[in-house]
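First comes the structure, then the notes that go with it.
The values are calculated or read from the model by the stated rules, or taken from the named source; none is laboratory data. Remember, predicted model here, so these are calculated numbers, not experimental data. Virtual Cβ from ideal backbone geometry, glycine too; neighbours counted across all protein chains shown. SASA here: full protein model, heavy atoms, side chains in, ligands and nucleic acids out. Shrake-Rupley method; radii C 1.70, N 1.55, O 1.52, S 1.80 Å.
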Amino acid sequence: MATIMHVDMDAFFAAVEILDNPEYKGKPLIIGGYKDSRRGVVSTCSYEARKYGIHSAMPIVKAAALCPHGVFIPGRMKRYQEVSRQIHAIFPEFSPVVEPLSIDEAFLDMTGCEHFYDSLEAMGMSLKKRIKETTGLTASVGIAPNKFLAKLASDLEKPDGLTVIRPDEISTILNPLPVGKLWGVGKKAEQELNRIGIYKIGDLLAYSLPELEEKFGSSFGPHLYYLARGIDNRKVEPIHEAKSIGHEITFDEDQTSFALLRGQLGRLVEDVGWRLRQHGLYARTVTLKIRYYDFKTITRSHTHETSFCDDDTIFQTAVSLLEKERLRPVRLIGVTVSNLTETAQLSLFDETENARKLSAVMDTINARFKRGAITKGRTLIDEQTQ
Amino acid sequence: MHFQIDSTALTEGVRLVERAVSTSSTLQILSGIQLQVDRNRLTLTANNLEISVKTETECTTIAPGTAILDGKLFSALVRKLPAGPVIFEKRDNQVIITAGTTEFTLNELLGDEFPAPPICDQKIMSLTDYELSKLAHSTLFCVSSDDQRPILQGVLFEISDGELKVVATDSNRLAYAKAEVPFLTTDTMEVIVPGKNINELLRCLPMDETLIDVYYGENQLAFRFNDTVFTTRLIDGKFPNYRPVLYTEQEITIVMNRQHLLHAIERAALFDRKGTQPVIIQVTDGVLELGMQTELGRSVEQFNVEHTGGNGKSAYSPRFILDMLKATDADQVMFKFEPGPRQALIRPAEHNNHLYILMPIRI
């Protein structure tokens, strides 16, 4: 029998903001944009804000209507990533097999490690304590024989929860839950299930495997059949290598100025290049992404002969791809690098060596002070033109 | 226009010119093959502005004239004709082709004037098809495929010190081949020929010790052999200065059997499914060790080699080394390298007419 632990930070972005700004404590805090932002959506909100019916992915406009006195902030992704790194650095102390799910969530395969603790509860508490000591933040932990149940468990007593599901408790816990709690059952599927009288997970037990296959197909049918019985054989898979690194920005208003887009590319490139170099990686391909006002989205790529990690190569490639497009009003622009390698083929003519050194020096300065302490003039163009 | 020609001669002529038929639709006339008939000669021409090929062949002329036919259709039809005489007759804007009991009627391509091949009348040199082919095959594999760097998509043809030098580089590696050309009619020349056009030229060469006359003019290079003229556009710009790159003073030198090294690197490369992992080359007191480690596993091979200079190790792309070892037919190859960000050299052990330079991989 496997022992899987799922860790999920409680209202992560909001919790980091409250940690850094104690005056937000106890207030409805909404992260995703200022109150007058017309396009933003809620990325996280504090538990106080959830009482007003605000939830993530809700347009800011709607959240502002529900809770006009709430604290609305755009969020500081870099700070959240910094805390995320601290949290993810803790997991290997507990298990060698860690699958990071997102910035604030992970599966740990604890099979065999449970004997180091007095109980499964003590094991969960020990991780929660370690996270709290390191970051000052609370996490909810679920422990169960598989990934599906572990993730379900961590959600049962949020925030600051700790839930263990033992094999003999599976049916007691699962049966009364709504079917929407099953992994892979979204709103649409839930409505479909409700339509034929299946509301609770326990209701699914009345159906045989062939019956579910007939109703829901050979893939989703068995999925429902096994999950309803708490069976899930997915392994905890340690992170696959990063395949690409990218950043994008959605504009409050559609943009048509080439100079402004070029300046934005300069900023995005500094974020992309920074992450590339922080991971000690090199890339060979640059991809430019543009979403036009009508949501038509295009991507254009160029692959270089030699791998690179400097901002200049990324920027010049992205700009030359942008120059080839006949621009219509742009809603979103993004830059991604891919074809990542840990090793770099050196060039005979030393073309990017100076650019690489320059980027490294800028990184050192930005790391010592704060990101953006030193930047290239090209990233400032949009302010001059506005 | 009215003439008769043997299908074998016609097929050979069309095989040569069809390489210059344009496949893009921007200018329709460029997708045509031009037929010109005068006193007992048929001239076939195609010109896609990258390359043009013009070839002459004997025919029995009844009435001279000119026609332009769709190149793709015409060459496909000609290839399928039965052996024997073929008769062409133009009526109005159609050409009727009769071979035995087979008859086709092709509509002429009309409209624009067919672009005449550029005139290249400055004689540069003469060399045999074998010599030209060897120089090209020794270097072409290093041509860049990066369309943002058009100059590196070309091959440098340089005449200096009474020799022809051919150089190609994608900036990570460089191939250099030189030959003494017996019929040199100019002292210095530097032109950059698109690599893919050289590839097309190689497919047209008869490969029977035919002497090829090379001419320059109108920023084009023309290769004349038998009754054929192959003309290519040249790339504008300055080729990177390759001379400092031809560094040969590396600290470590080994000499070994080319096939042994080739097969060992091929085996190591099997572990490099992504094509990004380096092969580690280490030489210690006359023993060469090749190592490769990836997520699939690792390979280690050792060889006794002729070794001069110090001990040391460095890392290289196995693909680059394989390309270089395959481009030469030498029995023994010399591999010179040193640790650090310095280029390595691979060449035939017996002569230095072919030099391959490659940069290491930083690990």
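Brief remarks on what is shown
- Residues whose amide H falls under 5 Å from that of A:T375, counting only those 5 or more places apart or on a different chain, are absent, with hydrogens built in the peptide plane.
- FRET efficiency, 1/(1 + (r/R0)^6) with R0 45 Å, evaluated for B:N257 and B:D146 via beta carbons: 0.85
- Partner aspartates and glutamates for A:K158 [C-alpha distance under 20 Å; skip if fewer than 8 residues away on the same chain]: A:D8, A:D10, A:E17, A:E48, A:D104, A:E105, A:E121, A:E133, A:E169
- In this structure the amide hydrogen of A:S43, modeled in the peptide plane, comes within under 5 Å of the amide hydrogens of A:I31, A:G32, A:A57, none closer than 5 places in sequence on its chain.
- For chain A, the longest principal axis of the C-alpha atoms and the axis of helix A:353-368 are separated by about 60°.
- Sparsely packed loop sites in the range A:251-340 (the trypsin sites (Lys or Arg not before Pro) outside DSSP H, G, I, E and B with at most 13 other Cβ atoms within 10 Å) comprise A:K296, A:K324, A:R326.
- Efficiency of FRET from Cβ geometry, A:A367 and B:K238, R₀ 41 Å, rounded to 0.05: 0.55
- Sparse-neighbourhood loop sites, trypsin sites (Lys or Arg not before Pro) in the range B:206-310 - DSSP loop, at most 13 other Cβ within 10 angstrom: B:K238, B:R273, B:K274
- Between B:Q302 and A:S301, the modelled label-to-label distance comes to 4.3 nm, taking each label 7 Å out from Cα in the direction of the beta carbon.
- B:Y242 sits with roughly 10 Å² accessible to a 1.4 Å probe, with DNA, RNA and ligands left out of the calculation.
- Between A:I196 and A:K62, the modelled labels are 3.0 nm apart [label points 7 Å from Cα along Cα→Cβ].
- Label-point gap, in nm, between A:K158 and B:E190 - each point 7 angstrom along Cα→Cβ: 6.7 nm
- Its Cα centre serving as origin, the range A:13-77 has a Cβ charge dipole (Lys and Arg +1, Asp and Glu -1) of approximately 220 debye.
- Extension gain, A:E82 back to A:A2 (0.36 nm per residue minus Cα-Cα distance, nm): 25.6 nm
- Residues in the range B:225-242 carry Karplus couplings, in order, of 8, 6, 9, 10, 10, 10, 10, 10, 5, 10, 8, 6, x, 10, 5, x, 5, 8 Hz; the curve used is 6.51 cos²θ - 1.76 cosθ + 1.60 with θ = phi - 60°, and Gly or Pro positions show x.
- Each Lys or Arg adds one and each Asp or Glu subtracts one; over the other residues with Cβ under 12 Å from the Cβ of B:T11, this totals 0.
- Net charge, B:A63 excluded, C-beta distance under 15 Å - Lys, Arg +1, Asp, Glu -1: +1
- Percentage relative contact order, chain A, counting C-alpha pairs under 8 Å, at least six apart: 13 percent
- Sequence-separation-based contact order of the range A:175-228, relative, with Cα cut under 8 Å and 6+ spacing, percent: 36 percent
- Across the protein assembly as shown, the fraction of Cα-Cα pairs farther apart than 46 Å, rounded to a whole number, is 46%.
- Peptide B:169-177 has a mean of 4 when you count, residue by residue, the C-beta atoms of other protein chains within 10 Å of its C-beta.
- For the range B:324-363, heavy-atom accessible area (probe 1.4 Å) falls by no less than 10 Å² from the chain alone to the full protein assembly at B:P341, B:M359, B:P360, B:I361, B:R362, B:I363.
- Inter-chain shielding of B:271-283 (mean C-beta neighbours from other protein chains, 10 Å cut-off): 2
- The range B:120-243, relative contact order [Cα under 8 Å, separation at least 6], %: 31 percent
- Each residue of the range A:218-224 was assigned a 3J(HN,Hα) from its phi angle through the Karplus expression (A = 6.51, B = -1.76, C = 1.60, θ = phi - 60°), giving 7, 9, 6, x, x, 4, 5 Hz with x at Gly and Pro.
- Rounded to the nearest whole Hz, the Karplus-based 3J(HN,Hα) values (6.51 cos²θ - 1.76 cosθ + 1.60, θ = phi - 60°) of the range A:55-60 follow the sequence 9, 5, 6, 7, x, 4, with x at glycine and proline.
- Shown here for the range B:188-286: GluC sites (Glu not before Pro) in loop regions (DSSP other than H, G, I, E, B) with at most 10 other Cβ atoms within 10 Å, namely B:E209, B:E249.
- Over 30 Å apart at the Cα level, from the set A:K188/A:K235; A:K132/A:K181; A:K25/A:K78; A:K324/B:K54; B:K54/B:K80, are A:K324/B:K54.
- For the range A:13-77, the alpha carbon convex hull comes to 69 Å³ per residue, rounded to a whole number.
- Cβ-based charge dipole, the protein assembly as shown, positive-most Cα from A:P59, B:V37, B:V181: A:P59
- Inter-chain Cβ neighbour average for residues A:303-310, partner chain, 10 Å: 4
- For chain B, adding -39500 (n - 2.57) for each run of n ≥ 4 DSSP H residues and dividing by the number of residues yields -5000 deg cm²/dmol at 222 nm.
- Of A:I201, B:I280, the order by accessible heavy-atom surface (1.4 Å probe, DNA, RNA and ligands excluded), from most exposed downward, is B:I280, A:I201.
- Debye log10 I(q)/I(0) for chain B, one point scatterer per Cα, at q = 0.06, 0.09, 0.11, 0.13 Å⁻¹: -0.31, -0.63, -0.83, -1.00
- Scaled against 2.2 N^0.38 Å for its residue count N, the alpha carbon radius of gyration of the range A:115-165 is 1.09.
- With R₀ set to 56 Å, the beta-carbon distance separating B:A116 from B:K274 gives a calculated FRET efficiency near 0.70.
- Amide H to amide H, with H built 1.01 Å from N, B:T210 comes under 5 Å of B:D129, B:Y130, counting only residues 5 or more places away or on other chains.
- Full extension of the segment from B:T210 to B:T60, taken as 0.36 nm per residue of separation minus the current Cα-Cα distance, would add 51.3 nm.
- Approximate shape of chain A as ellipsoid semi-axes (Cα gyration tensor, √5λ), whole Å, largest first: 41, 25, 24
- When +1 charges are put on Lys and Arg Cβ atoms and -1 charges on Asp and Glu Cβ atoms, the dipole computed for chain A relative to its Cα centre reaches about 1000 debye.
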